[in-house]
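J.: Below you'll find the structure I mean.
A short reminder: the numbers here are calculations on the coordinates, not readings from a lab. Remember, predicted model here, so these are calculated numbers, not experimental data. So basically every Cβ, Gly included, is an ideal-geometry build from the backbone, and we count neighbours across all protein chains shown.
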Amino acid sequence: MTSAKAANRLQLTVALGLLLFLQFYARPRLFEGRYAPDFVMVGLVLLALRSGPGVGALAGFIVGVGSDALSPARFGAAALANTMVGYLAALTRAFFFADNVLVNAGFLFGAVWLRDLIVLVASGSGDQGLATSLLIDAPLRALTTALAGTVLLVLFGGWFRIRLDQ
Amino acid sequence: MARGTERWESRRDTWLFAGCMLLSALALLMPASWGMAVAAGLRTTALAPFVWLQERAAEGRTSRTRFRAVASERDSLAELSRTLSGLAGENAQLRSLLNLKVRIGPGFIPAEVLRQTLPTDGRTLLLDAGRADGVAPLDPVVTPEGLIGAIREVDQHTSIAMTWAHPEFRVSAVSANGQVAGIVGPTSTGDASRTGLEFRAITYRDTLTDGSVVIASGLGGVYPRGVPVGTVVGVEREQLGWERVYRLRPSAQPSIAGHVLILHGATPLRIPAAFAPRRDSLDSALVAPRPPVAAPQPTPVDSAARARRRRLRADSAAAAAAAAASDSAPAEAEPAPVEVLPPPAPAADTGGGVR
């Protein structure tokens, strides 16, 4: 049992490392523009779905602080948004069967859109820009992220599998 | 027990969430300078590996662009090297022009050819010297290789030169040995880039061998005597058994001339010597040794020839004055009278230039 947990944690660590690699190395090389998939968000959502609300919130906060540090338009906005996303993603595990690929894709889509909404609101974007971002940019970014997450789940689904007994 | 653990986990999750939210709110509410300082600290410490990784990715992404840039630079260098050869040629041309200036002495105006895009650019040249520089209409335009043409229009700072490729161009010419005289004009091909020269009004009994140099005779007063015009490359045609027209290879090419000299008040006596072919030590070393030839001594025949040439120049000056009074056109209307000069020295027989 202990060895199995260690193996699962190792798989999760490797998977998150892979997502970080994709985010900081593959993404800048393969994708261009503001509609590139957010692999860190994929990792956050899958980690939150697997671990729980507290860990999800903490992971979201860490990811958000990192995002704020890399794009310090309004420091703290991404931290707030990702914290809420991580927490809510973990809570939704009780309402949906989260081991389904399409459900995970929906989670990813909603998480990215919600994150963008919170970040935009917390950053004080204007009404015109907010509407455009939420209706055009955010859905497209969420769509690409959901597609990328779906592909990753198809390829590495076992590593992110949610085990309700854990 | 399980319910207590679950409750504790739920409480822990709530506290974690609340704590993260509180910290996020504090981050949002703290002064922007503090947030920037924290962000900078994170980028240089915890996030430094990710930043480094993204920099490498950006480099990899731009590798294709950089390859294209390097390829462009390589092409530019290749183009530059090709241009350098052109610069070397231009320098050689300028050096020869400089030598020509020294040989001609005072009485010239250097000018640069301002190239145009029109197909008729070879027939006329726009020069960057004008009235302010002392350029006057009908001033001869030469290059170190030979005659280009004459100034046709003069502005304050520019001038238009009519080259030998112009259909109206005519110059009284004579063979380098002084035996055959005639009129040189452009061929009637029409295309300026392929226009050549022909030596007309050659009596049937006078013959020129291929390679003979034809120079300006000085008659008419426009072109000074001794400026190379072209080299005979064959017989163009014979008309009715009394005239033979020779085809000339022009000495100077207006289409490639970048710098020219406008002769204005140059000493006429220095012109032939200025265009005489010169050899440097390398040429002397490359030339096969020849059998010793006795140096030509002044003979009464030579003296007579020089006297005749001096008289011819005087006649040319008189003719120039008369022509200037009667005809202001750049073309020289009448062919030079054929003047039979004594046979030249053997060394100058092949048209090696004016001695």
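J.: Charges on Cβ only, +1 for Lys and Arg, -1 for Asp and Glu, centred on the Cα centroid of segment A:2-159; of A:A138, A:G64, A:L16, which one is farthest towards the dipole's positive end?
T.: The residue sitting farthest along the positive end of the dipole is A:L16.
J.: Follow-up. How many Cβ atoms of partner chains, on average, are near each residue of A:82-91 if near means within 10 Å of its Cβ?
T.: Per residue, the average neighbour count from other chains is 3.
J.: In peptide A:10-23, how many Cβ atoms from other protein chains are near each Cβ within 10 Å, on average?
T.: If you average over the peptide's residues, the count of other-chain Cβ atoms is 1.
J.: Could you give each residue of segment B:207-222 its phi-based ³J(HN,Hα) in whole Hz, using Karplus coefficients 6.51, -1.76, 1.60 with θ = phi - 60°, and x for Gly or Pro?
T.: Per residue, the Karplus-derived 3J(HN,Hα) values read 10, 10, 7, 4, x, 5, 8, 10, 10, 5, 7, x, 6, x, x, 8 Hz.
J.: Moving to a separate point now. For B:21-31, what's the mean count of beta carbons from other chains sitting within 10 Å of each residue's beta carbon?
T.: 6
J.: Nothing charged except the Cβ atoms of Lys and Arg (+1) and of Asp and Glu (-1): what's the magnitude of the dipole of segment A:2-159 about its Cα centre? Round to the nearest 20 debye.
T.: In total the dipole reaches around 380 debye.
J.: Could you work out how far apart the two model spin labels at A:F95 and B:V235 are, taking each label as a point 7 Å from the Cα in the direction of the beta carbon, and quote it in nm?
T.: 11.0 nm
J.: Would you work out the relative contact order for segment A:2-159, in percent, from Cα pairs under 8 angstrom that are 6 or more residues apart?
T.: 26 percent
J.: Also: Considering amide H positions built from the backbone, and no H for Pro or chain starts, which residues 5 or more places from B:A173, or on another chain, come under 5 Å of its amide H?
T.: B:G182, B:I183, B:V184, B:S217, B:A336
J.: Then there's this: Tell me whether segment A:2-159 comes out rounded, prolate or oblate; compute the Cα gyration tensor, take square roots of the eigenvalues as a ≥ b ≥ c, and use a/c under 1.5 as the rounded threshold.
T.: Since a/c reaches 1.5 and a/b is larger than b/c, the shape of segment A:2-159 is classed as prolate.
J.: In addition: Using a Förster distance of 22 angstrom, determine the FRET efficiency expected from the C-beta separation of A:L102 and A:V151, and round it to 0.05.
T.: 0.95
J.: Hey, can you grab everything whose amide H is under 5 Å from the amide H of B:H264? Only 5+ residues off in sequence or another chain; H modelled, so Pro and N-termini drop out.
T.: B:F108, B:I109
J.: Karplus couplings for segment A:148-154 from phi (6.51 cos²θ - 1.76 cosθ + 1.60, θ = phi - 60°), rounded to Hz, Gly and Pro as x?
T.: Ordered by residue, 3J(HN,Hα) equals 5, x, 4, 4, 5, 5, 5 Hz.
J.: Which one of A:P28, A:P53, A:P37 has the biggest mean-square fluctuation once chain A is modelled by GNM with Cα springs under 10 Å?
T.: Judging by the Gaussian network model, the answer is A:P28.
J.: Would you give the gap between the C-alpha center of segment B:171-245 and the C-alpha center of segment A:3-51, rounded to a whole Å?
T.: So the separation of the two Cα centres works out to 88 Å.
J.: 7 Å from Cα along Cα→Cβ at both B:R12 and B:D210: what's the point-to-point distance in nm?
T.: In this crude spin-label approximation the distance works out to 10.6 nm.
J.: Tell me the net charge near B:W15. Cut-off is 13 Å between Cβ atoms, B:W15 excluded, with +1 for each Lys or Arg and -1 for each Asp or Glu.
T.: In short, +1.
J.: Of the listed peptides B:6-19, A:130-143, A:58-71, A:77-90, what is their order by residue-averaged count of other C-beta atoms within 10 Å, with the highest listed first?
T.: Final packing ranking: A:77-90, A:58-71, A:130-143, B:6-19.
J.: So for B:T209, B:T124, fewest C-beta neighbours within 10 Å to most, what's the order?
T.: So the ranking, lowest neighbour count to highest, is B:T209, B:T124.
J.: Collect residues whose amide H, placed 1.01 Å from N in the peptide plane, falls under 5 Å from the amide H of B:D155; neighbours closer than 5 in sequence don't count.
T.: Counting only residues 5 or more places away or on other chains, the set is B:R131, B:I160.
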